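Enquirer: I am attaching a structure below and will ask some questions about it afterwards.
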Amino acid sequence: MKNEILYVLLDNYADHEPAFLASAITCDERGMKETPKFVNKTVAPTLDAVCSCGGFRTLPDYSLDTMPEDYAALILIGGFGWLNGQEADRVVPIVRNAIGRGIIVGAICNAASFLARHGFLNNIRHTGNGLEQLKLWGGNSYTNEANYVNEQAVSDKRIVTANGSGYLEFAKELLLLLENDTPERTEMFYRFNKEGLVKITSSSSK
């Protein structure tokens, strides 16, 4: 479905990394949205449960073989599963197809390094878990050191990359691309979660 956001979860995925994005899709400050613009769906190598770094077991909506052809965004969640070449390499044609069709792609933490390994960062401004890790993972396939940006998250040509601590900035950049809400409300979401309730309410009361 065109309104589905697909989160690719490999074994030992980082469960905290999709939290802000997923909640902003389905909730607002009043509670659960009655008619959200998008629907969150999870994808794993098979339809068996996949385990997170924190020990949560997630039963995916789709496997890599059963996921739909048409969707709003492909989000690669970081974690240690991207070190498993045999499993991770199955995602390569899916990413290539998404980029070729202009579908929004997000990759955070080790998933951004996975993109470097397969040459997907060579024509865009990007970030990740430091330039050295991108060069290490990418080897000869990574040729775009000049366009590495030392920021929490970077958006360019409908591809968003982030380091492992940039999950909130990652969410913000993807929400803007998706036009999930107005830019002003997206900025409010970001500031509230970045600065916290106490600081936000103290500033507004002055």
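Read-outs: derived from the displayed coordinates by stated rules, not from any lab. Owing to the predicted nature of the structure, the values given are computational and were not obtained by experimental measurement. Every residue, glycine as well, gets a Cβ built from its backbone with ideal geometry; the counts of neighbours run over all protein chains shown.
Enquirer: Mind listing whichever residues of region 155-186 are among the hydrophobic types (A, V, I, L, M, F, W, C) and within 13 Å of Ile75 (Cβ to Cβ)?
Expert: Quick first cut of region 155-186, residues among the hydrophobic types (A, V, I, L, M, F, W, C) only: 159-160, 162, 168, 170-171, 174-178.
Within region 155-186, Ile159, Val160, Ala162, Phe170, Ala171, Leu174, Leu175, Leu177, Leu178 qualify.
Enquirer: Now for a different question. Please work out which one of (1) over 21 Å from Leu74 (Cα atoms); (2) without any contact (Cβ under 8 Å) to a residue 40 or more places away in the chain is the condition Phe189 fails and give its number.
Expert: For Phe189, the exception is condition (2).
Enquirer: Another one. Among the residues in region 164-179, are any outside any helix (DSSP H, G or I) and over 18 Å from Glu17 (Cβ atoms)?
Expert: Scanning region 164-179, I find at least one residue that is outside any helix (DSSP H, G or I) and over 18 Å from Glu17 (Cβ atoms), so the answer is yes.
Enquirer: Counting only residues that are assigned to a strand (DSSP E or B) and more than 17 Å from the chain's Cα centre (by Cα), which one in region 48-57 is surrounded by the fewest Cβ atoms within 10 Å (Cβ to Cβ)? Don't jump to the end; show me each part of the working.
Expert: Narrowing region 48-57 to residues assigned to a strand (DSSP E or B): 50-52, 57.
Those still in the list that are more than 17 Å from the chain's Cα centre (by Cα) too: 50-51, 57.
On the way: Val50: 23, Cys51: 16, Arg57: 9.
Only one residue tops the list, namely Arg57.
Enquirer: Quickly run through region 126-142 and pick out the residues that are within 16 Å of the chain's Cα centre (by Cα) and closer than 21 Å to Ala98 by Cα.
Expert: Of region 126-142, the ones within 16 Å of the chain's Cα centre (by Cα) are 126-129.
Once the filter is applied, which keeps residues that are within 16 Å of the chain's Cα centre (by Cα) and closer than 21 Å to Ala98 by Cα, region 126-142 yields His126, Thr127, Gly128.
Enquirer: On to the next question. Out of the residues in region 125-181 that are of a type in the set (Lys, Arg) and touching a helix residue (DSSP H, G or I) at 6+ places or on another chain (Cβ under 8 Å), which is surrounded by the most Cβ atoms within 10 Å (Cβ to Cβ)? So that I can check it myself, show each step before the final result.
Expert: In the first step, residues of region 125-181 are kept if they are of a type in the set (Lys, Arg); the result is 125, 135, 157-158, 172.
Pick out the ones that are also touching a helix residue (DSSP H, G or I) at 6+ places or on another chain (Cβ under 8 Å) and you get 125, 135, 158, 172.
On the way: Arg125: 17, Lys135: 14, Arg158: 15, Lys172: 26.
Looking at the filtered set, the residue picked out is Lys172.
Enquirer: Still on this model: Could you please find all residues in region 92-116 being out of contact with any strand residue (DSSP E or B) (no Cβ under 6 Å at 6 or more places or on another chain) and buried (at least 21 other Cβ atoms within 10 Å of the Cβ)?
Expert: Answer for region 92-116, where residues must be out of contact with any strand residue (DSSP E or B) (no Cβ under 6 Å at 6 or more places or on another chain) and buried (at least 21 other Cβ atoms within 10 Å of the Cβ): Val95, Cys109, Asn110, Ser113, Phe114, Ala116.
Enquirer: Continuing with this model, one more query. Tally the residues that are closer than 26 Å to Glu179 by Cα and of a type in the set (Ser, Thr, Tyr), restricting the search to region 80-138.
Expert: Count: 1.
Enquirer: Based on what the data block shows, is Ala98 under 26 Å from Glu69 (Cβ atoms), assigned to a helix (DSSP H, G or I), in contact with a Phe, Trp or Tyr (Cβ under 7 Å, 6 or more places away or on another chain) and small (Gly, Ala, Ser)?
Expert: Working: under 26 Å from Glu69 (Cβ atoms): yes; assigned to a helix (DSSP H, G or I): yes; in contact with a Phe, Trp or Tyr (Cβ under 7 Å, 6 or more places away or on another chain): no; small (Gly, Ala, Ser): yes.
Answer is no for this residue.
Enquirer: Working only within region 1-47, note down all residues that are outside any loop (DSSP other than H, G, I, E, B), of a type in the set (A, V, I, L, M) and free of Cβ contacts under 8 Å to residues at least 40 places away in the same chain. Please lay out each step first, then the result.
Expert: Quick first cut of region 1-47, residues outside any loop (DSSP other than H, G, I, E, B) only: 4-8, 13, 19-28, 31-32, 39-44.
This time we only want the ones that are of a type in the set (A, V, I, L, M), so: 5-6, 8, 19, 21-22, 24-25, 32, 39, 43-44.
Of everything in region 1-47, those that are outside any loop (DSSP other than H, G, I, E, B), of a type in the set (A, V, I, L, M) and free of Cβ contacts under 8 Å to residues at least 40 places away in the same chain turn out to be Ala22, Met32, Val39, Val43, Ala44.
Enquirer: Kindly list the number of the only condition in (1) among the polar types (S, T, N, Q); (2) closer than 27 Å to Asn84 by Cα; (3) not in a loop (DSSP other than H, G, I, E, B) that fails for Asn129.
Expert: All conditions are met except number (3).
Enquirer: Here is a list: Asn150, Asn140, Asn122. Which entry is among the polar types (S, T, N, Q) and not in a loop (DSSP other than H, G, I, E, B)?
Expert: Numbers: Asn150 fails: not in a loop (DSSP other than H, G, I, E, B); Asn122 fails: not in a loop (DSSP other than H, G, I, E, B).
Answer to the check: Asn140.
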